[in-house]
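Shown next, in structure tokens, is the structure this report addresses.
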Amino acid sequence: MQIYLDYSATTPCHPDVITAMSRIWQEQWGNPSSLHEWGQRAATVLEQARMQVADLIHAPAESIIFTSGGTEANNLALMGVARTFAQPQHLIISSIEHSAITEPARLLEQQGWQVTRLPVDSQGHVSPIALENSLRNNTVLVSVIYGQSEVGTLQSIQSLGPIVQDRGILFHTDAVQVAGRLPIDVQTLPVDLLSLSSHKLYGPQGAGALYVRPGTALIPLLLGGGQEQGLRSGTPAVPIIAGFGLAAEIAAAEMGSEYLRLIQMRDRMFSQLRDSPYLLPTGDLDQRLPHHLSFCLHPDVPAEVTGKTLVRQMNLAGIAISAGSACHSGKLEPSRVLKAMGYSNQQALSGIRLTLGRYTTPADIDWTMTVLTQILHRLIPQSAAIA
Ligand SMILES: Cc1ncc(COP(=O)(O)O)c(C=O)c1O
């Protein structure tokens, strides 16, 4: 039995998306910038995808800039805003951002920008007061992740956004893990920039988008033919983007029923694994991505057992989960997200994440809990378990 529980890493393409992309590759392969029939047919496909992605977040079509993925959307948001300033300014990010935010922020810091990394509480929430207190006269952009990929916590964008926007400062959120799983309405969500990724919502890898609220100034990262309203030059990957568009439309249509199915399975698993003497849930259990479970090991568990150990053992049993900690040059690094939430180095090495999706069944959940419990019993001496 093979069970995939890593839907936050990537999702399989929806079969209808594969069929549609294959048809476009065969029939609508023109360059959308060309004025002839072939080009115009491809341009129509591209604009339909733009409307489908826009509809998912209730945005006007012209506010969607297609990119190669969530990473590029995040880079375009940070670096694109930064480039509009002749002199380095002040940027605020949270301390639990994806590396596609932390790395551009680090580069800006090297270029003379002041960067504040906002602390979070033990559940991964940014405090509105801390955000307010960290604003400076020269703060030009704040970026806070919407749904944290490693610990599942949903940030209260509704309460953070106005603190920033009321001062005329731009607010960006990385909504890559949220889009397609929870409703997003940029008409009411207080953000100026929002990142999306196709392959997290059953579309193909290699496409994403940045929502840019009309009137928001950005200077592009890629210069060339001026595609995507001059913000992202390069011939767009029309079949891939069309797949993204269809996936967004399907996600919007299925979100209501899929959401309920996922939270039921998620909460059943949480309530059963909560009794485990070895596992401690991480992140906020209520304000949480609907498909997301994450744990770290109890501090009494021997340090040799890490998240990576569990991922390997689960993989041998045919179940795909992921570990929170990253492996750099063969050395296992504690998760910086768990560290920011106050966990010790040992616990920050022990994080695991199980993320459910369209093909997850209640039987998968039952079997996964049985296997995980058996593996933990086998790896951890009884004396290490708390009562
Ligand atoms: C929260 C978050 N932001 C950004 C990304 C990067 O997206 P992409 O893989 O489309 O570049 C990911 C992917 O794991 C993510 O989880």
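Rule-based calculations on the coordinates, nothing more; no lab input. Everything numeric in this text was worked out from a predicted model, so none of it was measured. In this analysis, Cβ positions are derived from the backbone assuming ideal geometry, glycine residues included, and neighbour counts consider all displayed protein chains.
Which of Ser143, Ser350 has the fewest other C-beta atoms within 10 Å, and how do the rest follow up to the most?
Ser143, Ser350
Most mobile of Ala86, Ala217, Ala100 per a Gaussian network model of the chain (Cα springs, under 10 Å)?
Greatest mean-square fluctuation among the candidates belongs to Ala86.
Compute the angle between helix 99-110 and the longest alpha-carbon principal axis of the chain, please, reported from 0 to 90 degrees and rounded to the nearest 10.
Compared with the principal axis, the helix lies near 70 degrees.
Could you check how many percent of all C-alpha pairs in region 267-387 are farther apart than 23 Å?
Result: 26 percent of Cα pairs exceed 23 Å.
Could you tally the net charge around Leu210, taking each other residue with its Cβ under 10 Å from the Cβ of Leu210, Lys/Arg +1 and Asp/Glu -1?
Around Leu210, the charge tally is -1.
Just to confirm the number: angle between the C-alpha axis of helix 238-273 and the first principal axis of the chain, 0 to 90 degrees, nearest 10?
20
Divide by every residue of the chain the summed helix terms, -39500 (n - 2.57) for each DSSP H run of at least 4, and state the resulting mean residue ellipticity at 222 nm, rounded to the nearest 500 deg cm²/dmol.
-12000 deg cm²/dmol
Give the share of C-alpha pairs in each 5 angstrom bin for region 212-275, from 0 to the last occupied bin, in whole percents, shortest bins first.
Once binned at 5 Å, the Cα pair distances of region 212-275 give 4, 13, 11, 12, 13, 11, 9, 10, 8, 6, 2, 0.
Translational D (Stokes-Einstein, µm²/s) of region 15-251 at 37 °C and 0.692 mPa s when Rh comes from the Kirkwood sum over C-alpha pairs?
Result for D is 182 µm²/s.
Multiply the residue gap between Ala217 and Gln187 by 0.36 nm, knock off their C-alpha separation, and tell me the result in nm, one decimal place.
Value of the extension gain: 8.9 nm.
Taking only C-alpha pairs under 8 Å that are 6+ residues apart, what is the relative contact order of region 15-251 in percent?
Across region 15-251, relative contact order equals 28 percent.
Starting with the fewest neighbours, write out Arg213, Arg50 ranked by other beta-carbon atoms found within 10 Å of each beta-carbon.
In order of increasing Cβ crowding within 10 Å: Arg213, Arg50.
Rounding to the nearest 10 and keeping the result within 0 to 90°, find how far the Cα-based axis of helix 37-56 lies from the longest principal axis of the chain.
50
Work out the FRET efficiency for Leu285 and Glu103 from their Cβ-Cβ distance, taking R0 = 30 Å, and round it to the nearest 0.05.
0.50
Based on alpha-carbon atoms only, what is the radius of gyration of region 6-94 relative to the globular estimate 2.2 N^0.38 Å?
That works out to 1.42 for region 6-94.
Enter the Cα centre distance for the pair region 50-125 and region 232-310, rounded to the nearest angstrom.
Here the answer is 22 Å between Cα centres.
For the chain, modelled as a Gaussian network with Cα springs under 10 Å, which listed residue fluctuates most, Ile96, Ile24, Ile321?
Among Ile96, Ile24, Ile321, the largest GNM mean-square fluctuation belongs to Ile24.
With the chain treated as a Gaussian network of Cα nodes joined by springs under 10 Å, which of His14, His199, His36 yields the largest mean-square fluctuation?
Per the Cα network of the chain with a 10 Å cutoff, His36 tops the list.
Just going by the charge dipole of the chain, with Lys and Arg at +1 and Asp and Glu at -1 on Cβ, which of Pro220, Ser276, Phe171 is farthest out on the positive end?
Farthest towards the positive pole: Ser276.
May I ask you to sort Glu304, Glu150, Glu132 by Cβ crowding, counting other Cβ atoms within 10 Å and putting the fewest first?
Glu304, Glu132, Glu150
Nearest-5 percent of antiparallel DSSP beta bridges in the chain?
55
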